[in-house]
Amino acid sequence: MNGKALKKQPAKIRLIAFDVDGVFTDGRFYLSDDGIESKAFHTQDGFGIRQLLKAGIEVAVISGRKSMAVERRMAELGVRHVIQNCPDKPAAFDKLSKTLGIPASESAYVGDDIPDLPLLSKVAFSIAVANAVSAVREYCDYTTEAAGGNGAVREICEFLLAAHEPESNQQETDSLHVQQQVSP
């Protein structure tokens, strides 16, 4: 990870939301003559998402566009919070945050373009992918080395898991200590 791209350490993150186009993908989509859209997702990103979910971190996607490919891919990964065709990402995030009982102060968002800035400004930890427009990269707390669609999501997952790990290890240590006190 490039230390120069990290402006601050993430707070306790319990919810991370991602834009899709330009983050999970390289920003391109293919449209056939029949009007069928397709996208390419990086397979290694999927493992990262599953690891976040396994660690108890809620994962959401909030996209301004609607795509069956996104719906299918997120279903494969076990992502339950898929918000598409969203004209107001901050309002959608607020509703999700309230539903889950997780405040913005324990949340992160990943974006790549100007429409993502209002939501990036609401969360505790803002993340830009390497291919984000300069205004987004300059604003965010962390910028990935990898570009969207090329492993950026996996990089973010590993970064958050590493930051989350000391807390998990402390909980395991506390639990072990309690068990040792109770054992005969």
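Structure values in brief
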read-out	value
Portion, in percent, of the accessible area of the chain that falls on carbon or sulfur, probe 1.4 Å	51
Accessible surface ranking that places the most exposed of E71, E138 first, with a 1.4 angstrom probe	E138, E71
Inverse mean reciprocal Cα-Cα distance (Kirkwood Rh) of the range 16-132, Å	14.5
FRET efficiency for I102 and D33, using Cβ-Cβ distance with R0 set to 45 Å, rounded to 0.05	0.55
Size of electric dipole in the chain: Cβ of Lys, Arg +1 and of Asp, Glu -1, about Cα centre, debye, nearest 20	280
0 to 90° range, to nearest 10: angle between helix 152-182 axis and the chain longest Cα axis	20
In degrees, nearest ten, helix 89-100 long axis to first principal axis of the chain (Cα)	30
Rounded to whole Å, sorted largest first: equivalent-ellipsoid semi-axes of the range 2-56, Cα gyration tensor	29, 15, 10
Exposure of V82 as accessible area (Å², to 10), given a probe of 1.4 Å and all protein chains	50
Rounded accessible area of T99 (nearest 10 Å², 1.4 Å probe)	110
The range 77-165, accessible area per residue, ligands and nucleic acids excluded (1.4 Å, Å²)	41
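The values are calculated or read from the model by the stated rules, or taken from the named source; none is laboratory data. These numbers were taken from a predicted model, which means no experiment stands behind them. Cβ sites come from the backbone with ideal geometry, for glycine too, and all protein chains shown count toward neighbours. Keep in mind that these areas ignore ligands, DNA and RNA; they rest on the heavy atoms of the full protein, side chains included. Shrake-Rupley method; radii C 1.70, N 1.55, O 1.52, S 1.80 Å.
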